[in-house]
Structure formats: C-alpha cells, structure tokens
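All of the numbers you see were taken from the coordinates with simple rules; none came from a lab. On a predicted model such as this, the values are computed, not experimentally measured, just so you know. Counting neighbours? That spans all protein chains shown, and the Cβs are built from the backbone with ideal geometry, glycine included.
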C-alpha cells in the first residue's frame, strides 16, 4: 500500500512537471496552483491523498525557484520599484487566489 | 521534445521530489528563526539556482532541463503560499509579514551566495 502510494506521488509529479512545461508561464502556473491548492485544503482528505495531491502534484507544478529567477531578472534591470511592486503583488495575488479556492470549496461542500 | 530531454526531465523531477520529501519529513533543525522545513527546501533551491545562473544555464539545454525538472520539483511555491495563507487565516498579520520578508530576503541571500561562490570558483 505504501509503495503504491509512493508510485502515485512520482506519477503525479511527472504529470505536474510536464503540465508546467506545457503552460510555460510561472505566473499562470502559480495562480492555477494556488487556486486548486485552496480547493483541496478546504476538503477533508486522507493523509496519503494529501501527500499525493499537495506534496506530489501541486508542489511539483508550482516552482519557487521559477519565482526567484523571475524576480532576479527584474532586479537585474535595476528597477527596484518594479521589483518591489512585482514580488508583493505576486504574493498577495496568490494568497488571495488560494483564499478564493478555499472559499469556493467550502461553499460547494 | 526528444527522448533525451524526457529522460532528463523524468530523472530530475524524481530526484527533486524525493529530496524535497526527505528534507520535509526528516530534517529537524532549529536556527532560532521561524523557518520551517518547506522554507529550508526553498532556500537550498535558491542557492542552487544562484549556481545555475552564474554558469549561464539558459544557454545550455541540459542545465535548462535541470532547472525546470529538478529545481521545479524540489522547490515549492504553493507550500510557501500555504504557510502565508495559514497565518492569514489565523489573522496573525504581523507574523505573516515578517515570515514573508524573512523567506524572500533569505532566498535572495542564498541565491547570491550560490551565484558569487560559483563566480569565485570559476
């Protein structure tokens, strides 16, 4: 049972990676990830389902390094104001999107 | 996408996933700050990203795949947002603000540490 679950985690990780590569836009990926992450955390799921969906899929789908690299490229342009506005808005937008996902999920169930 | 790229992606994402899960489940360190295992993972990813950027990974296909597969699966943005979301839900806004600043600042410190370390070595 445990081995099967680990195989599921790896398989959803592959799916998430290829989906991220297909979308190829960090902002869209992070927003989609936050929205559905919010939907999932509002529901009561078992330990392994949580590991597979949140730890396997969404953690591989969204990428913190992509976010840091995106900020680095803005920082490299020397525009500090743009940098501060961008990183704050991305974080706020994602928290808000996760809240929307959480709220929708709670309303449905 | 050719077969070599697919193999690199599969290998990189598997290794990134396993390493992240291992660190998230087993690492127990207390550095005095409010840093959780997820943040540790993201800080390590930032350090490795700094190394990759200093070797100009965007011009090398294999390194580009390493960045998208290994670092993409190793680091996690959604868990970072989730940490902030939990603090937001608990209405701990001051803690949220400081945790957020702490992670971003430390990530950039780790990033530049990796970046300049690689520049020195080169």
Quiz item: Hey, what angle do you get for helix B:77-89 against the long axis of chain B, alpha-carbon based, 0 to 90 degrees rounded to 10?
Solution: 10 degrees
Self-check item: Peptide A:33-40 - average C-beta neighbours from other chains (10 Å radius)
Solution: 3
Exercise. Using R₀ = 22 Å, calculate the FRET efficiency as 1/(1 + (r/R₀)^6) where r is the Cβ-Cβ separation of residue B:95 and residue A:92; round to 0.05.
Key: 0.85
Exercise. Could you let me know the centre-to-centre spacing of the range A:43-109 and the range B:80-122, using Cα atoms, in angstrom?
Key: 13 Å
Practice problem: Taking only Cα atoms and a 10 Å spring cutoff, compute GNM fluctuations for chain A and point out the largest among A:59, A:34, A:89. | Solution: A:89
Exercise. Would you mind giving the mean number of other chain beta-carbons within 10 Å of the Cβ of each residue in A:11-19, as a whole number?
Key: 5
Quiz item: Distance from the Cα centre of the range B:35-68 to that of the range A:10-38, in angstrom?
Solution: 18 Å
Exercise. For the range B:3-121, calculate the relative contact order in percent as a whole number, restricting contacts to Cα pairs under 8 Å that are 6 or more residues apart.
Key: 41 percent
Quiz item: Stretch residue B:59-residue B:15 to full length: gain in nm at 0.36 nm per residue minus the Cα-Cα span?
Solution: 13.6 nm
Quiz item: Can you pull the mean other chain C-beta count within 10 Å for peptide A:44-56?
Solution: 1
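What is the extension gain from residue A:100 to residue A:44, computed as 0.36 nm multiplied by their sequence separation minus the C-alpha to C-alpha distance, in nm to one decimal?
18.4 nm
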Quiz item: Using Cα pairs under 8 angstrom and six or more residues apart, how large is the relative contact order of the range A:15-109, in percent?
Solution: 52 percent
